[in-house]
Amino acid sequence: MTDATAEELREITAEDYPAVRGLVAGLSGDALVRAGRLLARLDPDRVLAAHPAVPAPLIAVTGHGTLSALVPALTGELARHGLLARVRLSDFDSWVFDLADPGSALYAAGPSLVLCVLDADLVAGELPLPWRVEDVERVLAEKTALVERAAEVFATAARGATLVLNTVPLPRSLTAQLVDLGARARLGAVWREANARLLRLTETRPEVVTVDLDPLLAEGTPARDVRQSVYAKAHLSDALLAGYAREVGHLARQAAGGAKKVLALDLDDTVWGGVLGEAGPEGIEVAGSYRGEAFRRFQAVAKQLGSQGVLLAAVSKNDREPVVKTLREHPELTLREDDFVQVRANWRPKHENLAELAAALNLSTDSFVFVDDSAFECGLVRRELPGVAVLQVGGEPALHVERLLADGWFDVRALTAEDRARPARYREEQARQDFLHTFDSLDGYLRELDISVTLAPVDASRTDRISQLTLRTNQFNLTTRRLQPAEVRALREDPAARVLAIESADRFGDNGLVGAVLLRRDAGVLHVENFLLSCRVFSRGIERAVLDAVLEHAFDEGAEEVRAGYVRTARNGKVADFYPQAGFETVRADEASADFRLTSRPTATPVDHIRLTARFERDLP
C-alpha cells in the first residue's frame, strides 16, 4: 500500500465509504490488513446512516484463542468487495457457550456469518503429562463431537446464517515430542481423521462451511507465531488469519449477491506467449517449450473453470480474423473458440469491450473477473469499472495459475446441474439473438421462439438451486431476499408457504430452472414475498405469464387480496414498476422500497405467446 493510499484511507469518513472499494481493490496480504486497521475506526452505524444500501453483514467471531487480528483482516477483505464489515468478537475461549446455548448473546445478535476459529492448542492444552497418541485421539474425538453438537444447535438457533469452521493445523512441536516414528505416523493419521470429520460437516449440514487451512499452509503461510502463541494465546499466525479472512470475505460476497460469473481473458502474453499480430500463429508460445507449457497449464485451468459454469470470454487488442482462426486451427491450443461465450478482438479500450460484453450477456460488470498481463490495461479497467475484479498476471507465465486461483472468485456453496449447463445455454442465447435479427418485430420473434414454462412447487433436489438463484440473481429480484439452503428447506416444510420453481424451454433448448416465486398465505391475503428470474430469460414475457398464473390461482382459491413488495438496490431498478404495470395499486413507496396490493383479478391482456403449465400443490416426503 502506497503512502498516498494510506493517507486517503486515513481521511475517509463515513460519508465517503463507497469510495473505499476503489482504494483497496488492488491490495492484498499485509497491505490489505493495514487498510483494514485504518477502516476499522469507522463507525458502521454512521456509514449505514449515510449509505443505507451498502451491504453490511454482521459477523460474529468466536473460538479458542485470541482472535483480535481477525478484525482488521475481515474489515479489509469485505471493503474490497464493496461490503461494510460489522464484526462482533466474543470473549476468549467462549465458543462452546456461544454456540451450544440457543439463548446466547451470539444468536441474539442475529449474525449472518458465525466464525468458530479452532486451533491446535484446543487439543494440546488438555493432554496429560506424559501423553500418548491415544490421549490425543480421545481429546480430538471429544472436541470434534462438541463441534458437531454445536452445529446441531446452530441449525435451529441461527436459521439463515452460516457457521464457518476450519481445519486445525497439526504443529510439528506436537508431533516431534514423539520419538517413535510409528507413533508419530499414527498421530498424523488420527489428526487428519478429525479434520476430515470437520470437512464432511459441510456435506451433511448445508448451513456449515469448513475452511480447509492445509492449502494455505502448503503455500508457505506459517501456522503460528510461537511467541504470540505462548504469550498472547494467539495460536494462529496473523498471516494465516488473513488468508482465512480472504475465504470468509468471499462467503460474505456470495451471501450479499455478489456472484462472479464471467472470466474475461486477455490473449497475448496471458493465454499464450507473444503477440499474435507480430509473431503470427506459428510464433506464439502455447506448448512444447518451458514457457509454452506454463501457458498450456493456464489454459487447462481456465477450461476446468469453464466446465463448472464459469463463462469464459476473450477480450484482446488484435484483429478479429487472425484471433478466431488461431483459436479454431492452432494444433496445440487447449482453449478453443467454442470454449468462449464471446470473443471480442478489436482495438477499442478493453473497459468498453467489457461493458458491451456485459450488456450482451445481460449481466452486470460486477459479475466479471478480468485477467491481463498489462499493468496499464488492468489499471484502466479498475478505474473505469470498479466492480470488475482485476487480476494482473505479470510476465512470469508459471505464476499465472496461482494468481488466477489466489482468490475464490467463482466459488459457490453447491455446484448445480444448471451451473454446469450455463456456458452451453449462453451459447444458445447467441443463437436466439441471431434468430431475433431475422424478424421485423419483437412480437413475431417471441411467437416463433415457442416458449414453454412450467411452474410448480420446488422439490428437495432443487433446494440448492433455488438458494443459489436468491444469492446470485440481482436484476430481476424484487426484494433481493437472500436464502441459504436451510431457509429454502424450511419454507418447503412450512404449510403456509409455497416456493414455486420456474423452468423454461424454447426452440433452441432447455433453459432449466430459471426463477422462483416465494408465496405466503395469511388468512385471506396472499403475500408474494419475492419473485426472481434469471437475467438469461427475462423480457420474454415469462415473468408476466408466471405472475398471471399465480394471481389466477390465488383468486380461484378465495384470496381477498394479493400483496407484494419491492426493495430497491443498485441493480434492480428496471423492475421497480413491475407490479404497478400488472395492475397492482401502490400502498406505500419511497426511494428505498414500495408495497403494492391487488384486490381483484387483473384485466390486462394475457401473455398468449407462452405455453404455461402450472401446479401449486406440494409433494413433500
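Return the residue satisfying two criteria in turn: it lies in segment 327-376 and is in a helix (DSSP H, G or I) and over 26 Å from Ala570 (Cα atoms), and of such residues it is most open to solvent (accessible area, probe 1.4 Å). Working first, answer last.
Going residue by residue through segment 327-376, those that are in a helix (DSSP H, G or I) are 327-329, 337-339, 350-361, 365-367, 375-376.
If we keep only those that are over 26 Å from Ala570 (Cα atoms) too, we end up with 327-329, 337-339, 375-376.
On the way: Leu327: 1, Arg328: 152, Glu329: 112, Glu337: 43, Asp338: 115, Asp339: 38, Ala375: 62, Phe376: 136 Å².
Of everything passing the filter in segment 327-376, Arg328 is most open to solvent (accessible area, probe 1.4 Å).
Restricting attention to segment 456-496, report how many residues are surrounded by fewer than 17 Cβ atoms within 10 Å (Cβ to Cβ), among the acidic types (Asp, Glu), in contact with a helix residue (DSSP H, G or I) (Cβ under 9 Å, 6 or more places away or on another chain) and assigned to a helix (DSSP H, G or I).
0
At least 2 residues that are open to solvent by less than 50 Å² (accessible area, probe 1.4 Å) and more than 23 Å from Ile59 (Cα to Cα) in each: list the helices (runs of 4 or more DSSP H) lying fully within segment 119-230 that qualify.
121-124, 133-157, 172-175, 181-204
Among the residues of segment 440-455, which ones are open to solvent by 20 Å² or more (accessible area, probe 1.4 Å), touching a residue at least 40 places away in the same chain (Cβ under 8 Å) and not in a loop (DSSP other than H, G, I, E, B)?
Across segment 440-455, the qualifying residues are Asp443, Arg447, Glu448, Ser452, Thr454.
Could you say which residue among Arg88, Arg41, Arg34 is charged (D, E, K, R) and touching a Leu at 6+ places or on another chain (Cβ under 8 Å)? Step through it out loud before you land on a result.
Working: Arg41 fails: touching a Leu at 6+ places or on another chain (Cβ under 8 Å); Arg34 fails: touching a Leu at 6+ places or on another chain (Cβ under 8 Å).
Testing whether each residue is charged (D, E, K, R) and touching a Leu at 6+ places or on another chain (Cβ under 8 Å) leaves just Arg88.
Give the residue, chosen from Val567, Val562, Val607, that is of a type in the set (A, V, I, L, M) and without any contact (Cβ under 8 Å) to a residue 40 or more places away in the chain. It would help to see each step written out before you state the result.
On the way: Val567 fails: without any contact (Cβ under 8 Å) to a residue 40 or more places away in the chain; Val607 fails: without any contact (Cβ under 8 Å) to a residue 40 or more places away in the chain.
After applying the criteria, what remains is Val562.
Please report, ordered by residue number, the strands (runs of 3 or more DSSP E) entirely within segment 503-621 with at least 2 residues that are of a type outside the set (Phe, Trp, Tyr) and surrounded by 14 or more Cβ atoms within 10 Å (Cβ to Cβ).
On the way: elements: 509-522, 525-533, 561-567, 585-589, 593-598, 610-614.
Counting at least 2 such residues, we get 509-522, 525-533, 561-567, 593-598, 610-614.
Based on what the data block shows, is Gly573 free of Cβ contacts under 8 Å to residues at least 12 places away in the same chain and not aromatic (Phe, Trp, Tyr)? Walk me through it before giving the result.
Details: free of Cβ contacts under 8 Å to residues at least 12 places away in the same chain: yes; not aromatic (Phe, Trp, Tyr): yes.
So Gly573 passes the test.
How many residues are in a loop (DSSP other than H, G, I, E, B), β-branched (Val, Ile, Thr) and in contact (Cβ under 8 Å) with a residue 60 or more places away in the chain if we restrict to segment 262-317? Please lay out each step first, then the result.
Residues of segment 262-317 that are in a loop (DSSP other than H, G, I, E, B), as a first pass: 266-267, 269-271, 274-275, 280-284, 286-289, 307-310.
Those still in the list that are β-branched (Val, Ile, Thr) too: 270-271, 275, 284, 286, 310.
Subsequent filtering for residues that are in contact (Cβ under 8 Å) with a residue 60 or more places away in the chain retains 270-271, 310.
The total comes to 3.
Across segment 43-69, what is the number of residues that are over 21 Å from the mean Cα position of the chain (by Cα), surrounded by 22 or more Cβ atoms within 10 Å (Cβ to Cβ) and not in a loop (DSSP other than H, G, I, E, B)?
3
May I ask you to list pairs of residues, at least six apart or on different chains, whose Cβ atoms are under 7 Å apart, with the first in segment 533-551 being under 13 Å from Glu503 (Cβ atoms) and among the charged types (D, E, K, R) and the second being open to solvent by 20 Å² or more (accessible area, probe 1.4 Å) and modelled with pLDDT under 90?
Here the result reads Arg536/Asn362; Arg536/Arg425; Arg536/Glu429, each pair linking segment 533-551 to a residue that is open to solvent by 20 Å² or more (accessible area, probe 1.4 Å) and modelled with pLDDT under 90.
The values are calculated or read from the model by the stated rules, or taken from the named source; none is laboratory data. If you're wondering where the values come from, they're calculated on a predicted model, not measured in any experiment. Don't worry about glycine lacking a Cβ; one is built from the backbone with ideal geometry, like all the others, and counts go over all protein chains shown. To get the accessible areas, we keep the full protein, side chains included, count just its heavy atoms, and leave off ligands, DNA and RNA. Shrake-Rupley method; radii C 1.70, N 1.55, O 1.52, S 1.80 Å.
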